[in-house]
Structure formats: structure tokens, C-alpha cells
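First the structure, in the form of C-alpha cells, and then the observations on it.
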Amino acid sequence: MKQLSIIYVNYHSEAYIKSSILSYIHTTQLDLEIIIVDNSASEEKFIQLLQEFPAIRYINAGYNAGFARANNIGISNASATNLLLLNPDTLLPNKVLDEIFHDFSNSTYVAAGAQLLNEDKTPQISGNYFVRGGLNHFLPLPILGQLLKKTALLFNAKKTNLPDSNSLVDVDWINGAFILVKKEVIAKAGLLDEDFFLYAEEIEWCSRIRQHGKLAIFGQHKVIHLESASANEAFQSSGKGYYNLYDKKGLQIMVSNFLRIRKQYGITWFLIHLAVYSLELPLLYISNAVRLILGRNPYPKGLVAGYRKNLASLYKLSPKMIRNQPWFYKVL
């Protein structure tokens, strides 16, 4: 039996996957299988890689299955006792894969992540903590999010994430770019929820995994993550992280976040989030008008209109979410 199965989901990110594999394949001592689940039917672009490295297995998903469904295909076909869900836009230099695998295998943790770094070696948020009702999902809102942030600072509220770490730290959920998990715990917690297309699915999944053991960030091990690079290229969007709520990618982020709130926290919290996001819209119009009257720069072109359009789309999907009706929430 293999020691580790590494699962990539491809959607027009072939160059990133090749670079990622080449960053560790020549130095690792692990008995690996590498599974590429392809959402874009591009096997011909992997032919040379498949011929050169027999450890790589290619699976055509047959359609754009998104992150959760494609990873579930990989998990179901994996033969190792430990699985690594790895983003295409990651690089694992300096034997970091072997080192974190060794530490994880000799620990009692059921899932773990590494400390993610930007290309310039500055830290990315790699581990996170659950907040009552998912209130941290208000933070991307331009007005109410800033108000919440200032209120949290005033009351010295606990941080919602682990911004940087050089050692082992317990967390509630792990950034989906690098999730190392024991296959036996997946049998207990279940696969990723296939209602999700992209974004927030790893949060909901970690909430179930956490019921069967502890999660951690092994901060001493560093992985480079070209944050949002492959997704931005695929969906013609811009910006890192999850604060863009105004274009098509922003709509997917918004819908997935609300889906996660409904599944993890229930109807009441879902409705609270919907009310707050609705209140943000008139505040944006008022704030923009005040900016113009005072001679200040208005919000970037398309921000308010894009937010209004995405909010309307969210309202159309809300009845399905409230009923917790099985649905493939793909809006990109």
C-alpha cells in the first residue's frame, strides 16, 4: 500500500500542476501515488508527464465538477492510508513533503496543514478558527465589515485565523490549498459535500473532521502557494483571498459562504447573514453619494452594481439553501 496519495484538481491549470509535481518528485523518498482529477478534459497536456512519472494517475471527471466533487473522485480512487489535497498553484521545495508527512504520521492529529507562503516568502493565512455563527463572513463587506473589524479590535476579540506560525498549532480548519488527512477519518466524517462547487467546502468538511480528532498547522514546514493564481486565470478575476464580492468569482464566493453557513450553523444564522448582506446595499449607495458630495473618490466602477447583482442572485438561490435541498451550487 502506498504511503501517500496526492490529489490535484485540474481546471486549465496544467502548467501549475507540472511545476508543483516537479518541485518535489525528484527529491521525495515517499512511496507516492499522484492523482490528477481533470475538470477540463485536457489529458493530452499531461501525456509527457504521465509517461515520465508512472506514479501519476490521470482521471477525467467528464465535466467541470468543481473542487469538492473532483476531490471526492480522487479520494475514492486513492490507495494510500494518508491523503493530501493539494492546490495546483503550490510548490513544495526542500523535502518539505517528506518532513511534514513524517511529523504527521507520528502524531495523533487526524488532519494537518503546512505554513503557506506567498511567492515573496511572506506568510499566508493557513489555519483558522470557527467564530460563532460564522460572523467573520461579514468582514469582506466594505462598510459593515469595517465596522465589525473596529468593534472586534475595541473589545480585543480573538483572531479568527493564524496569520503566521513557525511551530505546531491547533486550529479548527485548514486552508484548502494543502490539507493532509488520514483516510480512516474520512470514512467517519464523510467526503466533501458535493453541493459545493468551489470555495468554503473545506471549511464545512473540516467542521465534520474535527468531530473525530484534532487538526493542526505544522508551522515549521513551509509551502509556497501562489494564492488564487490558477482560479483567477480560469475565471478571469483578480485579487487574492476572498474579499471580492463584485464579479462572477465574487458571486461564487458569496453563494458558497452562505451555503456553508446554512449547513454548519442552521437557518437562523443563515437569515441573519442574509439580512446583514442586504443592509450593506443601501449603505453602499448612501456612502457613495456622500463621497461624491464631499469631492472624494467614489467606489471603484462596478462595485456597487456588481454587489447588487450578486445579492439578487443569492436571493434566488436562498429558498433552496433554506430547505437544505441537494443542489450543485455552481454559478461561475
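The values are calculated or read from the model by the stated rules, or taken from the named source; none is laboratory data. Please read these numbers as outputs of a predicted model, since none were measured by experiment. When we count neighbours, we look across all protein chains shown, and the Cβ atoms used for this are built from the backbone with ideal geometry, even at glycine. Only protein heavy atoms, including side chains, enter the accessible area calculation; ligands, DNA and RNA are left aside. Shrake-Rupley method; radii C 1.70, N 1.55, O 1.52, S 1.80 Å.
When the Gaussian network model of the chain links Cα atoms closer than 10 Å, the mean-square fluctuations of GLU33, GLU202, GLU119 top out at GLU119. Taking a straight Cα-Cα cut-off under 20 Å and skipping sequence neighbours fewer than 8 places away in the same chain, the aspartates and glutamates within cross-link reach of LYS301 are ASP247, GLU280. Counting Lys and Arg as +1 and Asp and Glu as -1 over every other residue whose Cβ lies under 13 Å from the Cβ of ILE47, the net charge comes to -3. Computed over the Cα atoms of the stretch 176-332, pair by distinct pair, the Kirkwood hydrodynamic radius stands at 17.7 angstrom.
Extension gain, GLN220 to ASN94: 0.36 nm times the residue separation minus the Cα-Cα distance gives 44.1 nm. Treating r as the C-beta distance of PHE53 and GLU119 and R0 as 22 Å, the FRET efficiency rounds to 0.35.
The accessible surface of the chain, taken with every protein chain in place and a 1.4 Å probe, is 56 percent carbon and sulfur. Divide the volume of the convex hull around the Cα atoms of the stretch 1-105 by the residue count and you get 89 Å³ per residue. Treating the angle as unsigned and between 0 and 90°, give the value, to the nearest 10°, between the Cα long axis of helix 303-322 and the longest Cα principal axis of the chain. With rounding to tens, the tilt is 70 degrees. A simple spin-label model places pseudo-atoms 7 Å from Cα toward Cβ; at LYS301 and HIS102 they are separated by 5.6 nm. Remark on ILE224: its backbone amide H falls under 5 Å from those of LEU91, LEU117, a criterion applied only to residues 5 or more positions apart or on other chains, H modelled at 1.01 Å from N. With both labels modelled 7 Å from their Cα along Cα-to-Cβ, the SER287 to ASN156 distance reads 2.8 nm. Note on the stretch 140-294: lysine pairs with Cα distance below 24 Å, sequence gap of 8 or more or different chains, count 29. Measuring nothing but alpha carbons in the chain and taking Rh as the Kirkwood radius, the Rg to Rh ratio lands at 0.98. Neighbours of GLN220, meaning other residues whose beta-carbon lies under 11 angstrom from its beta-carbon, give a summed charge of -1 when Lys and Arg score +1 and Asp and Glu score -1. Computed over protein heavy atoms with a 1.4 Å probe, the accessible surface of the chain works out to 45 Å² per residue. Largest mean-square fluctuation among TYR242, TYR199, TYR315, in a Gaussian network model of the chain whose springs join Cα atoms under 10 Å apart, belongs to TYR315.
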